[in-house]
Amino acid sequence: MSGNNGSDSPDATDPGLEDQDIAGRVANAIPHLDGNAVAGPLWELFRFDIVAAIGRCRHCGAVRAFGETMVYVDAPGIVVRCASCEGVLLRLVETPTRYWLDVSGLSYLQIDREV
Amino acid sequence: MVGIISSGFHGRRQSGNPALPPGQYETGSFPVLTAGPAPRIPTDDWEFFITTEAGQRHAWSWAAFMALPQMDIETDIHCVTSWSKLGTRWRGVSLDSLFENVETNCRFTMAHSYGGYTTNVALADLLGGRAWVAWEFDGEPLERAHGGPARLLVPHLYFWKSAKWINGIELTQDDVPGFWESNGYHLHGDPWREERYS
Ligand SMILES: [Zn+2]
């Protein structure tokens, strides 16, 4: 992953990148960020701030603010998951020549217009 | 635990090292890359399956899997995000053993993981002593973060093919893109040919 992942949030330098014994941790073992972590690249692509947008999860139907999603950035791409069911809402892969954006896990996004 | 003092996640570029495929650098650490939360699978509940085009289902419990011939593997691994880790040591069961009694005319497979991850691998890449279901790393049971209790190990392909938390292999007639292959990554993923992107 290049560094271009909108890692403005302070959690982005999570030491979870390094090998560590996380098997003993309760609950969610793999560190993840919130929707802010994907705001940068999506702003580059579409020029809207996705964090405040409302999205509907195609898997479980939950309607929630995008900022509440679970974002996995320590991967070959960015994976955004529903905070209710952990289903994949969005995937973004950045290659040297193009972006690949999969939003098939979202049945809609509701984006406020600037007034 | 690996017990290696890391020289840092980014390692050092060693373009002169013939063990490194093009565009790779060596790291002493073992970065955890994952597309989602790590599922927790007690070995009592664990199962490995192979399904065929004829609808046959071969399945192994943890005990049956552990009763198969076990192999020690020393190999280099190469992640598409550009790190390589040389001389890693694993223990596991060869896919040749698992496929021994499987009848199929399919040339392709889809690996399925607990948690929903998928990756497509040609059957030829799984056979011939080049792929394993590995459950031990560096002499210790494979940590959950690295795919424990067991992961696929296909070290001659980029490491996203070595699916963590492996659950089974589905034989397929066609080469169907898996999780990353359907969103920009290469169908095959040979690091020596730098097959990173589609
Ligand atoms: Zn959901």
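The values are calculated or read from the model by the stated rules, or taken from the named source; none is laboratory data. None of these values were measured; they are calculated from a predicted model. FYI the Cβ positions are ideal-geometry reconstructions off the backbone, even for glycines, and counts take in every protein chain you see. Keep in mind that these areas ignore ligands, DNA and RNA; they rest on the heavy atoms of the full protein, side chains included. Shrake-Rupley method; radii C 1.70, N 1.55, O 1.52, S 1.80 Å.
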Report task. Largest first and to the nearest Å, give the Cα extent of the protein assembly as shown along each principal axis. Result -> 67, 48, 39
Query raised in the report: Between B:ASP45 and B:GLU100, what is the FRET efficiency for a Förster distance of 25 Å, r being their Cβ-Cβ separation, to the nearest 0.05?
Result: 0.50
Query raised in the report: Roughly what would the spin-label model give for A:ALA52 and B:GLU53, points 7 Å off Cα along C-beta, in nm?
Result: 5.5
Query raised in the report: Given C-alpha coordinates of chain B, what is the ratio Rg to Rh with the Kirkwood estimate of Rh?
Result: 0.95
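Give me the inter-chain shielding for A:102-111: mean count of other chain Cβ atoms within 10 Å, whole number please. Walk me through the intermediate numbers first.
Working: counts 4, 0, 2, 0, 0, 0, 0, 0, 0, 0.
That works out to 1 on average.
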**Report entry** B:ASP190 versus A:THR97: modelled label distance in nm, points set 7 Å from Cα along the beta carbon direction
**Finding:** 1.9
Query raised in the report: Computed from the mean reciprocal separation of all distinct C-alpha pairs, what Kirkwood hydrodynamic radius does region B:26-77 have, in Å?
Result: 14.7
Report summary line: Subtracting the Cα-Cα distance of B:SER61 and B:ASP174 from 0.36 nm times their residue separation yields 37.9 nm
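Using alpha-carbon pairs under 8 Å, 6+ residues apart, how would you state the relative contact order of chain B in percent?
Relative contact order of chain B: 22 percent.
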Report summary line: By the rule of another cysteine's Cβ lying under 4.7 Å, the cysteines of the protein assembly as shown that fail to get a partner are B:CYS79, B:CYS106
Query raised in the report: Given chain B, what percent of its DSSP beta bridges are antiparallel, to the nearest 5?
Result: 90
Query raised in the report: Out of the DSSP beta bridges found with both residues in region A:55-115, what percent are antiparallel (nearest 5)?
Result: 100
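Per residue, what accessible area does the protein assembly as shown have, given a 1.4 Å probe and all protein chains present, in Å²? Don't jump to the answer; show the numbers that get you there.
Values: 14230 Å² over 313 residues.
Roughly 45 Å² per residue, with all protein chains present.
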